[in-house]
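Working notes, beginning with the structure itself.
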C-alpha cells in the first residue's frame with residue numbers, strides 16, 4: 001500500500017500546495033527518526049518566530065510569512081542549506097519580537113517548499129527536525145539570528161509496558177476524537193494507524209490537538225518522552241471529554257423541527273441559493289401572494305391547490321422559463337372573483353322602468369326577467385337560468401343584455417361566439433402548452449370582478465367545428481344549470497362555480513344550434529317590429545342616439561312621426577331597426593353638413609325634404625294586383641325575419657305536364673306536385689273540366705329566382721294559384737296565406753307566424769288565411785300587432801279556395817275549353 005502524504009489534520013490545503021509531480025513526503029518512520037537523531041544542530045541559526053502555532057519534531061506544517069523580516073529570512077535560507085530555527089512567540093501581537101518576546105525552546109526546521117501566493121504573501125512548507133535552546137541573540141536585523149544548542153532528549157523508559165499502554169491509549173483516544181469531531185477529515189484515522197514511531201506519534205498528536213500555543217509549548221519543552229506522552233494523553237482526554245459532553249448536550253437539547261419549521265429552514269436555504277444564482281429574491285412577492293390568498297372566499301380544496309402551486313413556485317429559479325407560467329397561473333387564481341357576488345336589486349318597479357326605457361316592445365323577454373327577479377327576492381338564492389334570445393338581426397337581442405344587467409344591478413359581460421372554431425377558446429389550454437391561457441369564459445369573469453355577472457353569449461348559432469375540436473360541445477357544460485356549478489377549465493385545473501351567472505345567449509337561427517345545446521336553454525323568441533313600433537323606436541332611441549354621435553342636439557333637427565313612418569315604410573323592409581338607424585343617420589348627417597357649411601335648412605324636415613335627402617323610396621306596397629289569374633301572395637320566414645312572396649302559375653297547351661322554376665328546394669317542389677295531384681283528384685268540386693287538365697301544361701314560378709327558397713309554408717299558396725289559373729277566377733284583394741297541404745287536402749300548421757304577420761302588415765295585407773292549429777300562435781301575439789288584420793282559420797283546402805277566390809273571373813280570361 002502506498003504511503004499517504006503528510007498533512008496537518010486541521011489544514012487540508014497542504015496537499016494542494018504540493019505539486020502532484022513532486023516527491024511525496026512519507027510519514028516519519030523509526031528509521032527516519034534515527035537518521036534525524038544522527039544529524040547535528042547548527043551552532044548558529046536564523047530564528048523564525050511563529051505567531052500562533054508550535055512546530056514539533058518530525059511534523060510537516062505550512063506557515064505564511066507576512067513580515068518583511070520573515071520573508072527575507074526565508075529567501076536567504078532557501079538559497080543556502082534551507083535550515084532555520086522555528087520558535088513560538090509569547091505575544092502574537094508583537095510585530096518585531098526580540099529575545100524576551102519569544103520562547104527559548106524551538107525546533108530546527110527544514111524548508112521543503114516555498115510558494116508565492118496570489119495575495120503577495122509567502123507560504124513555506126517546513127518539517128521539524130530536532131529541538132534546540134537559544135543561547136544568545138547575535139543579530140536582530142534584518143532578522144533574528146542566534147547561537148543555539150541541542151535540547152537534551154531523554155528517551156529512557158523505566159517501564160516499557162506502561163509506556164506501550166500510554167502509546168496505545170493515545171492512539172485510541174486520537175481515533176475517538178476524530179470520530180467524535182465531524183470537522184476532522186477521515187484521512188486522519190488512516191494517518192494515525194500508520195505511524196510507527198512512538199515519539200513522532202506523540203509529536204504528531206500534540207501538534208494537531210486543539211490547544212493554545214502556551215499549552216503546546218509546555219509539551220514541547222518536556223525533555224522526557226514518557227512525560228511528554230502523558231501530558232499529550234491528558235490533554236487528549238480533556239479534548240475527547242469536551243467533544244463527548246458537547247455532543248451529549250446537543251443530543252439532549254435537540255428538538256425535532258415540525259413541518260412548518262422545516263419548510264421555513266429549507267425556504268431560507270432556497271432563498272440564499274436563488275440569490276446566488278439569479279441575484280433576485282422573490283420571497284416578498286410570494287408572501288404577498290399568500291397574504292392575498294387568506295382573503296379569498298374559495299373552498300378548502302382550491303386553497304390546498306393554491307398552497308401546493310405556491311410552494312412549487314418557491315422552489316423554481318426566477319430565471320427559468322417555467323417560472324413565468326407558474327406565476328401567471330397563481331396570479332389568475334388570485335384575480336378570479338371566488339365567491340364574490342354583486343348584490344341584486346330587488347326593486348321590481350325600477351327593473352321594469354329600466355327595461356321599458358331601453359327597449360320598446362319585447363314584452364315576453366321583460367316579463368321573464370321580472371319573473372326571475374321576483375323568485376330571487378322571495379327565495380334569496382337560485383340557480384340562474386340559461387336564456388336564449390332568438391330572432392332576426394337588429395331587433396335588440398345583444399343590447400338587451402346591458403339593460404338586464406342594469407335592471408339586476410350586475411356587471412355586464414359580452415362574448416362573441418361568431419366563427420369561433422377552437423374548443424380551447426371555451427375550455428382554455430393546458431399549462432404545459434407554450435402560450436397557454438385560460439378560456440374566454442374565465443378571462444371575462446376575471447375582468448368582471450364578480451361571479452354572478454350578466455354574461456351575453458352572442459351568436460351562439462354560429463359556433464363552428466374544426467380540427468381544434470367542437471366548441472358547441474364544450475358549451476354543453478357551461479350552459480347546463482345542473483353541471484356548471486363546477487365548470488372545469490383546462491388551464492385553471494379546478495372547478496369554478498358558474499351557477500350564479502345569468503347567461504343570455506343570442507341566435508338568429510335555432511336550426512343551426514345542436515339539439516343537445518338547445519335543450520339546455522330557455523328559448524325566447526324576439527321577433528321583428530311593426531311599423532308603429534319601429535316609428536316609436538326611431539323617435540325614442542335612434543334619433544337621439546344619432547344626434548349625440550354627430551355632435552347635434554334636438555334643437556338642430558326635428559323629425560315628426562309622419563316623417564319617421566315615411567322612412568320606415570319607404571326605405572326599410574327588415575325585421576330589426578339597423579337599416580332604419582342608417583337612414584336616420586343619413587338625415588342627421590345632412591343637418592350636420594348644413595351647419596358646418598353655414599347653409600340655411602329647415603330644422604323640422606318635411607316629407608318632401610326627407611325624400612330629397614334619402615332619394616326615391618326603395619319599397620312600395622308589394623301587394624300584387626289580383627287582376628291576373630294564378631298570382632297568390634304567400635308568407636315566408638327567413639333568417640332576417642318574415643317576408644312575403646308570390647306564387648305564379650300559368651297554363652299553356654300541352655299534355656298536362658308540370659314544370660317548376662324559381663330556385664326552389666325539394667320541399668316546395670313536392671308541395672307543387674301534391675297540389676296538382678290533389679286538383680286532378682278533386683277537379684269536379686273546383687269546377688275544373690277534366691279536358692283542361694289533360695290538354696294544358698302547368699308552369700309554376702316563384703319570382704326572384706336568384707334567391708334560394710324552401711320550406712313547407714307554400715303548399716296552400718301553390719294549390720290556390722293552380723285553382724285560380726285553371727278556373728281563371730280572381731284572388732281576393734290584399735289577401736295572403738301560409739300553410740302546408742296533404743294529398744287528402746288537409747291544411748297543416750307552420751311556424752314563424754309572428755314574423756310572417758309583421759311582414760304582412762308591412763305589405764299592407766288585410767286578410768290572412770292560416771291553419772286552425774295556428775290559432776294558438778295568434779293568441780300569444782300582442783294585440784297591437786294584430787290591429788287591422790283579419791284571420792281566417794281553415795282545416796282543408798276547400799275552405800281555402802272558398803275564402804281566397806272570388807266568383808268573378810279576371811278580365812280577358814282565357815277560354816280553356
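All of the numbers you see were taken from the coordinates with simple rules; none came from a lab. Everything numeric here is computed off the predicted structure, so don't read it as measured data. Reconstructed Cβ throughout: ideal geometry from the backbone, glycine too, with neighbour counts over all protein chains shown.
Side notes on the structure shown:
- Using R0 = 51 Å, the C-beta based FRET efficiency linking residue 516 and residue 294 works out to 0.75.
- Bridge type composition, the range 681-809 - antiparallel percent by DSSP, nearest 5: 35
- Relative to the longest principal axis of the Cα atoms of the chain, the long axis of helix 225-253 lies at roughly 20 degrees.
- Span from the the range 645-709 Cα centroid across to the the range 404-428 one, whole angstrom: 49
- Taking all Cα pairs closer than 8 Å and separated by 6 or more residues, the relative contact order of the chain comes to 7 percent.
- Sorting 239, 599, 363 by the number of Cβ atoms found within 10 Å of their own Cβ, with the fewest placed first, yields 599, 363, 239.
- Given their separation in residues at 0.36 nm each and the Cα-Cα distance between them, residue 383 and residue 776 gain 138.4 nm when the chain is fully extended.
- In degrees, nearest ten, helix 348-358 long axis to first principal axis of the chain (Cα): 70
- Euclidean distance between Cα centres, the range 165-194 to the range 327-394, Å: 84
- Cα-based shape type of the range 13-150, given that a ≥ b ≥ c are square roots of the gyration tensor eigenvalues and the cut on a/c is 1.5: oblate
- The label point for residue 82 and the one for residue 31, both projected 7 Å from the Cα toward the Cβ, are 2.1 nm apart.
- Taking each DSSP H run with n ≥ 4 as -39500 (n - 2.57) and averaging over every residue of the chain yields -13000 deg cm²/dmol at 222 nm.
- Listed values (i) 41.7, 148; (ii) 54.0, 166; (iii) 27.2, 85, entry calculated as Rg and Dmax of the Cα atoms in Å: (ii)
- The range 578-704, relative contact order [Cα under 8 Å, separation at least 6], %: 24
- Rg/Rh ratio calculated on Cα atoms of the range 348-525 (Kirkwood radius): 0.97
- Once the Cα-Cα distance is subtracted from the 0.36 nm per residue extended length, the residue 141 to residue 340 segment shows a gain of 62.9 nm.
- Chain lengthening between residue 157 and residue 561 when straightened (0.36 nm per residue, less Cα-Cα): 131.8 nm
- The alpha carbon centroids of the range 288-320 and the range 470-520 are separated by 29 Å.
- In this simple spin-label model, placing a label point 7 Å from the Cα along the Cα-to-Cβ direction at both residue 224 and residue 488 gives a separation of 8.9 nm.
- DSSP assigns beta bridges within the chain; of those with both partners inside it, close to 55 percent run antiparallel.
- Angle in degrees between helix 321-335 and the longest Cα principal axis of the chain, rounded to the nearest 10: 60
- Column: log10 I(q)/I(0), Debye, Cα scatterers of the range 440-575, q = 0.15, 0.16, 0.18 Å⁻¹: -0.87, -0.91, -1.00
- log₁₀ of I(q)/I(0) at q = 0.08, 0.16, 0.19 Å⁻¹ - the range 631-809, Debye sum with one point per alpha carbon: -0.22, -0.91, -1.28
- Sites residue 601 and residue 536 - FRET efficiency at Förster radius 35 Å, r taken between beta-carbons, to 0.05: 0.85
- The range 531-614 shape via C-alpha gyration tensor axes, a/c threshold 1.5: prolate
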